[in-house]
Structures are given as C-alpha cells and as structure tokens.
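First comes the structure, then the notes that go with it.
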Amino acid sequence: MPRRELPGLFGSPEEEPISPRSEASGLTGPAASPAPLASAPLAERMRPRTLDEVVGQQHLVGPGRMIRRLLESSGVVPSLLFWGPPGTGKTTLARLFASHARARFVAHSAVLSGVKELREAIAEARTARRSGLRTVLFVDEIHRFNKSQQDALLPAVEDGTVSLIGATTENPSFEVNAALLSRCRVVTLQPLEEQDLVALIGRALDDEERGLAALRPVISDENRQRLARVAAGDARAALTALDSAVQSVEPDSSGERAVAWEALSEALGRARFSYDKGGEDHYNLVSALIKSLRNSDADAGLYWLARLIGGGADPMFIARRLCILASEDVGLADPQAIVQASAAAQIVHLIGFPEGLYPLAQATVYLARAPKSNLLKNGYFAAAADAESTAREPVPLHLRNAVTPLMKSVGYGEGYRYVHDDPAAREEMECLPESLRGRRYLPPNNSELA
C-alpha cells in the first residue's frame, strides 16, 4: 500500500515501542508538545509541529480534505484508526489532533502495555474529564493487542471518555475486532512520494535549530534523490540514514562534511523489503506473483519472486503455489508445467536456500511462458456442481462390480462392455448417471484443452 507523509509523520517509533506517557496541553501549534531533546533522533526532532509543516498525505491534509477539516473544526476528535506503513506520520497526526483539540495526549504501545495499563489510562481520563479536559489515547501498533485487550477499550470509546487513535501497519479488517472497528473511522496513510522525501531531506539539512545545518553537510542533489528513492516512502528511514551518514563523515579543513553515496548507502543498510510472513504484504506479493504468471509476464514473475525471496518468504510455500498454478492455469495445455513445478519443489526441499532460488526461478519463467488453459479447472467445478446436485443418484448398475452372486443376480455389472475387447464401447456405453446422460465438462480430446 503506497503512502506518503509529513515531515514528522515518522517521528514516533512505529517500529520501536513507545513508553506510556501523558502530555497535557491547552495550547495549539508548535508549543503544544514539548520540544524534543537535542539528543533525540533526527526524525523525532524534525517531526511537524503544525499542520502547515506536514509534507505529503495531501489526500488527507490538503485543502478541504478530511484531516485538515477535522483539525480546523471545533476541536472534536473522533476515534480513528491510522493504517499505513512505517514512517508515514501516524503518531504525528495523533499529536496534532490532541494539540488542536487542547486535549491530553496519552501514548501507549501495544508491545509494552496490557489491560492493566489501559484501565489506568482510562481511569485518569475520567478524572481529567470531570475537570473539563479531554483525552486522546494513542495506541501504537494496536494490531498487537488481542481481542480481550481491544475489548477493554470499548466502553471508554463508546461513552467518549477517550478519543482513541490507533496506529497500525496491518490491515484493520483482519487485525482489529469488529466491535472496535465499528466505533472508529479508518484513515489510510500512503507512503511518501519521492519528491516529498527530497523536500524533507533538504529541510533537515537546512534547519539550524532541529536539523543538521550546524554540522555543515554537503550532499549533492543526485544523492538526495537516490536516498529518497531507496527509502521507499519511509521518512523515518530516510532521516535516520541521513543523520547517521552526516555524523559519520569527518569535516574537512573548512568545516564542511562532504557526504558521498557510500556513506548514505552504508547508513541505509540492506534493503528493507515490504514483507511480513503473517501480514497482508505476504498475500499481496504472492497474489502479484501468481497473477503475473497467469498473464504470461515472465519479467514481472521474476520480480515478484525476488521480492518474496528477499523478504524471507518460505521457499516451500512459493513452490506449493507454483504447483497449484501449474494445474489451475496451465493444465493440459502443457502437461510438462506440473512436472517443472513439482521438480522445483522437490529440489528446493532437497537443497534449501540460497541455491534453491534457481529451480524456483526456472519454474517461474517456465510457467509464465507456458500456454494457458483453465478448462481443467472449469471442467472440474462444473462436474462438482453436478455431483452436489445429484449426490444421492445411484451408480448405474452396469458400472458396479458384481463381487457376490447376490449382487450379480440383481443386475450388478449387467451390460458392462470391456473397451479393450469392444472398442465401440468407448462411444456407445454411458458412464454418467441417468440424469446426466450426454453431459460434457471438457472438449472431446486433449488437443482442444490448449
């Protein structure tokens, strides 16, 4: 899922736990939240303090858009679920809501907190409510709460004791229970676009107070663009790498720090694949692989295969999906397809990774280039539908084995014709139940299955 962000839509760790804390404020704008310490990470220091500092997410914060309308309205904060990848501003938006509503901001991480902490936070919110203070309860990684923990939030959300803002990188449809989901509005955040990240990088390099300008870094436009591209929509990743790279470079005689791509690349580390074995990305990537092969696009097939492998997908899972496609989408149009797929599965099981990527890649390309036919699939399900509607219809007597004299005496096997001795039986002897006589699920010969 694409996403964008605000200059600080990445500040609070969506990938690192947030310690429970409470910030009460009656102010709006920059003064609403305490300024981050100079020792705080660059992404935290550069977090947007006002809506006007936000970069990206224009589908939410642009003129007339939902988030801007809510923030500029009477100060009512509805219960919301922010769904988006890491580094897209979920925490920042939650803080901006609390600031503009002149509300207490109480942050918890589902990694560290349980029902006890939630009940304490709700009790404090009730006390604050009697004093006229509203509370925004922010729960980071809310998808990590189990059903009972999520249920503990329901009464306080229902009666307005708190305005719940949950942040999740997982699809709320699967990870948030229906009762809580029905009480919240889901807001989808997109990865930052490349030009947005370039703007954020430039802002961090030029900012004397919160950014890196005091270190006098010098980074070419080309390297800023490359950093933005590799960060792939994640502002936190881009700013964290930028901070590390600038800090690692020694100043020259004039005090400037010339930051080359090598320093930025080293700070970025190995590419972080958008993949979670138990999450939606897993199914999205597999779906992209299968649909690319079905469409006979070998290049796209190899790309999605590489994304799955690079992200750490189980190679046997990939092999099983290729075996399914070999029958479902190629079938008898190319009987060798299933041989290729099953051979790849056996070899991967035998040798493992990393060498196992070769047979998987070979099977992927073979299946993409193979002729396609779903007649086998369609034929089976047509037969299955008839089987269900005629499930109690008896097997014709001539197709039954007469294994006892009694069975023979009542007609079992009578009229059966052995095709090896009677070739005409192939055309003349009916093998379907009486009600389905003449029904055909496939073309009359294999040559037409392609």
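The values are calculated or read from the model by the stated rules, or taken from the named source; none is laboratory data. For clarity, every value in this text was computed on a predicted model and none was experimentally measured. Quick reminder, even Gly has a Cβ in these numbers, built from the backbone with ideal geometry, and neighbours come from all protein chains shown.
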Looking at this structure, is Val111 assigned by TED's automatic domain parsing to the domain that holds Gly89, in contact with a strand residue (DSSP E or B) (Cβ under 6 Å, 6 or more places away or on another chain) and closer than 21 Å to Leu93 by Cβ? no
From the list Asp297, Asp314, pick out the single residue that is touching a residue at least 60 places away in the same chain (Cβ under 8 Å), out of contact with any Cys (no Cβ under 6 Å at 6 or more places or on another chain) and either loosely packed, with under 15 Cβ neighbours inside 10 Å or farther than 27 Å from Pro172 by Cβ (or both). Asp297
Need a quick list: strands (runs of 3 or more DSSP E) entirely within the range 1-117 having at least 3 residues that are under 24 Å from Phe145 (Cα atoms) and at pLDDT 85 or above. 80-83, 104-109
From Leu242, Leu264, Leu289, grab the single residue that is in contact with a Phe, Trp or Tyr (Cβ under 9 Å, 6 or more places away or on another chain) and modelled with pLDDT of 90 or more. Leu289
If only one of Val230, Val249 is more than 24 Å from Phe174 (Cβ to Cβ) and either out of contact with any strand residue (DSSP E or B) (no Cβ under 9 Å at 6 or more places or on another chain) or modelled with pLDDT of 95 or more (or both), which one is it? Val230
Say we look at the range 178-194 and pick out the residues that are in a loop (DSSP other than H, G, I, E, B) and of a type in the set (A, V, I, L, M, F, W, C); which of these is nearest to the chain's Cα centre (by Cα)? Leu189
Does Gly356 count as touching a Pro at 6+ places or on another chain (Cβ under 8 Å) and either in the same structural domain as Ile318 (by TED's automatic domain parsing) or within 30 Å of Asn295 (Cβ to Cβ) (or both)? yes
Given the conditions (1) under 24 Å from Ala288 (Cα atoms); (2) among the hydroxyl-bearing types (Ser, Thr, Tyr); (3) loosely packed, with under 13 Cβ neighbours inside 10 Å, and given that Thr404 satisfies all but one, which numbered condition is not satisfied? (1)
Return the total of residues in the range 320-347 being among the hydrophobic types (A, V, I, L, M, F, W, C) and either in contact with a Cys (Cβ under 8 Å, 6 or more places away or on another chain) or within 15 Å of Lys291 (Cα to Cα) (or both). 9
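How about the range 73-120: which of its residues are hydroxyl-bearing (Ser, Thr, Tyr) and surrounded by fewer than 20 Cβ atoms within 10 Å (Cβ to Cβ)?
Selection gives Ser73, Ser74.
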So which residues in the range 141-177 are charged (D, E, K, R), in a loop (DSSP other than H, G, I, E, B) and surrounded by fewer than 16 Cβ atoms within 10 Å (Cβ to Cβ)? Asp159
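Can you pull out the residues in the range 172-200 that are under 18 Å from Asp234 (Cα atoms) and in contact with a strand residue (DSSP E or B) (Cβ under 7 Å, 6 or more places away or on another chain)? Talk me through it step by step, then tell me what you get.
Quick first cut of the range 172-200, residues under 18 Å from Asp234 (Cα atoms) only: 187-200.
Matches in the range 172-200: Val187, Thr188, Leu189, Gln190, Pro191, Leu192, Glu193, Asp196.
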Report those helices (runs of 4 or more DSSP H) wholly inside the range 333-435 carrying at least 2 residues which are in contact (Cβ under 8 Å) with a residue 60 or more places away in the chain. 357-369, 375-389
